[in-house]
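Just below is one structure, and these are the notes that go with it.
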Amino acid sequence: MEKTSNIEIYDLAVIGNGIAAQSFLWNLSLQESKSQNFSIAHIYSEKLAPACTLRSSATVSLNGIDEDVSALGNDMREAFFLFDELFKKYRPIGVEEVTRTVVSTNENDTKKLTRRYKTLKKVNSQRLNTEFDGTEYNSYIITPEVFTEWLSSNTQIKKDEFLLFLKNLEKKDDVYHLILEDGQIIKAKKILFAMGAYSKIFEKMLAPFDADSIESKNTIKAGTYFEKNIDLGPKSFYLSIDGHQVLYRKNASESKLIIGSATTVGAYETPDYAALSLIFNKVKPLLTFDVGEMQSFKTVTGLRHKGPKRLLICNAIDGEGKTLFRINGLYKNGYTMGFLASKRMIDLIFNG
C-alpha cells in the first residue's frame, strides 16, 4: 500500500520492484535479527519504470554448465541451486518443475549443443513431428505474476511503500534525500538501487555519487516474444529448438503459449517483427499441435540489463563509503541471479 512517510529517516531505501528488489526483501525478512528493527522505504513506479520481471518468459535451467569453467558459470550454478533449494523447501506457487526438451535441427546447432551438453541422444517428443538430436533434463517454468505475489506476501518485514517514480537524489549531512515525482522527499541513511535497465537510462542521476561507474560498459537489451492464451492440454511443457523457445504454461491462472525470443540492443520496446517471424515460421512446422497464425499472438517486451561479460553486478556504488549499493546485470537469469545477489547484498550492507 502506498504511504506517506511517517519515519524521519529510514535505515534503507530500496529502489525498484523487480525480482532483484523482491528477492532481497524476501531474503532479508528471513533474517529477523537483521530486519526486526530496520526501517525500509520501498520506492518504485510500475507506470514509468516497469520491471522486466513481469515481461519475461521466466524459466530456470542449469543448462549443462560445469563448475570452475568461468566466473559467470560458477555464479549461474550457485544461483540455480539457490533457486532449486528455495523451490524444494518452500514450494512457492507460480513455480512448476518440468522436463525441458532441447533439440537441434541442423549441423551448426548440433555442434553448439554438443559443446554445452557433451553427449546428445535421439529425442522423440509427442510435441515434435520428427526425431532430433538433443537432450532432456529437469527445469522450472514460472508464472511471474503469481510467483512475485507469493514473494511479496511472504515478505514479513517493516517497510513503507511509495508507488512513485524517483525523480532526483541529493545528499545533505550524510543523509540521502530522495525526491519523488510528486515532490515528496524521503530521507534514508543507505540506498539500494535494483532498477534493472533503468540504472543505465538514468545513470546521470547517480553520476555524482558513483566512485567507479561501470554504466558506460553496460548494455540494455530488449527481449521480445510472442504469447497468446490457448488451451493445449492439461500439462505445461518447455521446448528449445535451435535455441528458440516454445513454452506452454498451464496452471490455475493461465493457459499460455510463448514463442521466442528476439533481442534488440537499446531501450526500444518496439518489437522486432522480422526476427520474431523468422523464429515463428521456423518452429511452427516442427510442432505436432496447431499454434494458429502469427497475427493471433501479441508481443511482450522487457528491457534487460547486461553487464560486462554478463557478470552479476552486486557492489557498493560509493566505494568504501558503503551507503549506496546496486544489484544489476541479471540479464537472462533474473529468477536465479536475483537470489544470489540478494544473499551477497545482505552480507555487504550489514557486514561490510
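The values are calculated or read from the model by the stated rules, or taken from the named source; none is laboratory data. These figures come from a predicted structure and were not determined experimentally. In this analysis, Cβ positions are derived from the backbone assuming ideal geometry, glycine residues included, and neighbour counts consider all displayed protein chains. To get the accessible areas, we keep the full protein, side chains included, count just its heavy atoms, and leave off ligands, DNA and RNA. Shrake-Rupley method; radii C 1.70, N 1.55, O 1.52, S 1.80 Å.
Each residue of the range 223-237 is assigned a 3J(HN,Hα), and the resulting list reads x, 10, 9, 8, 8, 7, 7, 7, 9, 10, x, x, 10, 5, 8 Hz, derived from the Karplus form 6.51 cos²θ - 1.76 cosθ + 1.60 (θ = phi - 60°), x at Gly and Pro.
Close amide H contacts of ARG100 (hydrogens built in the peptide plane, cut-off under 5 Å, sequence separation of 5 or more or a different chain): TYR137, ASN138, SER139. Here the range 201-340 is treated as an ellipsoid with the same Cα gyration tensor; its semi-axes, largest first and in whole Å, are 37, 16, 12. Rolling a 1.4 angstrom probe over the range 142-252 with all protein chains present gives an accessible area of which 48% lies on carbon and sulfur atoms.
Taking amide hydrogens as placed 1.01 Å from N in the peptide plane, the amide H of TYR268 sits under 5 Å from those of ALA222, each at least 5 positions away in sequence or on another chain. Under the rule a/c < 1.5 gives rounded, and otherwise a/b versus b/c splits prolate from oblate, where does the range 281-352 land using the Cα gyration tensor? Prolate is the answer for the range 281-352, as a/c is 1.5 or above and a/b outweighs b/c. If we count GluC sites (Glu not before Pro) as exposed when they sit in a DSSP loop and have at most 10 other beta carbons within 10 Å, what is the longest stretch of the chain that avoids them all? Of all site-free stretches, the longest is 68-292.
Only Cα pairs under 8 Å and 6+ residues apart enter the sum, and on that basis the relative contact order of the chain stands at 24 percent. Ordering ASN251, THR114, SER152 by the projection of their Cα atoms onto the charge dipole of the chain, which places +1 on the Cβ of Lys and Arg and -1 on the Cβ of Asp and Glu, puts THR114 at the extreme positive end.
Dividing the summed -39500 (n - 2.57) terms of all DSSP H runs of n ≥ 4 by the residue count of the chain sets its mean residue ellipticity at 222 nm at -8000 deg cm²/dmol. Rolling a 1.4 Å probe over the heavy atoms of the protein chains gives the chain an accessible area of 47 Å² per residue. Dipole of the chain computed with +1 at Lys/Arg Cβ and -1 at Asp/Glu Cβ about the Cα centre; of VAL283, ALA20, ILE186, farthest Cα towards the positive end is VAL283. For chymotrypsin sites (Phe, Trp or Tyr not before Pro), no site in the range 277-307 is both called loop by DSSP and has at most 11 other Cβ atoms within 10 Å. Using a probe radius of 1.4 angstrom, the carbon and sulfur fraction of the accessible surface of the range 1-104 is 47%. Applying the criteria of a DSSP loop state and at most 14 other Cβ atoms within 10 Å to the trypsin sites (Lys or Arg not before Pro) of the range 108-188 yields LYS118, LYS158.
For ASN124 and GLU136, the difference between the fully extended length at 0.36 nm per residue and the C-alpha to C-alpha distance is 3.3 nm. When only the Cβ of Lys, Arg, Asp and Glu is charged (+1, +1, -1, -1), the dipole of the range 74-156 relative to its Cα centre reaches about 380 debye. Going down the list LYS88/LYS235; LYS111/LYS306; LYS121/LYS256; LYS204/LYS306; LYS167/LYS187, which pairs span over 22 Å between their C-alpha atoms? The pairs that break the limit, which is 22 Å between Cα atoms, are LYS111/LYS306; LYS121/LYS256.
Dipole of the chain computed with +1 at Lys/Arg Cβ and -1 at Asp/Glu Cβ about the Cα centre; of LEU86, ILE40, SER70, farthest Cα towards the positive end is SER70. Proximity of backbone amide H atoms, modeled 1.01 Å from N, is registered between PHE289 and no other residue at under 5 Å, excluding neighbours fewer than 5 places apart on the same chain.
Only Lys, Arg, Asp and Glu carry charge here, each on its Cβ (+1 for the first two, -1 for the last two); on that basis the chain has a dipole of about 580 debye about its Cα centre.
Could you point to the label whose value was computed as semi-axes √(5λ) of the Cα gyration tensor in Å for the structure here, given (i) 31, 29, 17; (ii) 38, 20, 20; (iii) 40, 24, 19? Correct label, based on the coordinates given: (ii).
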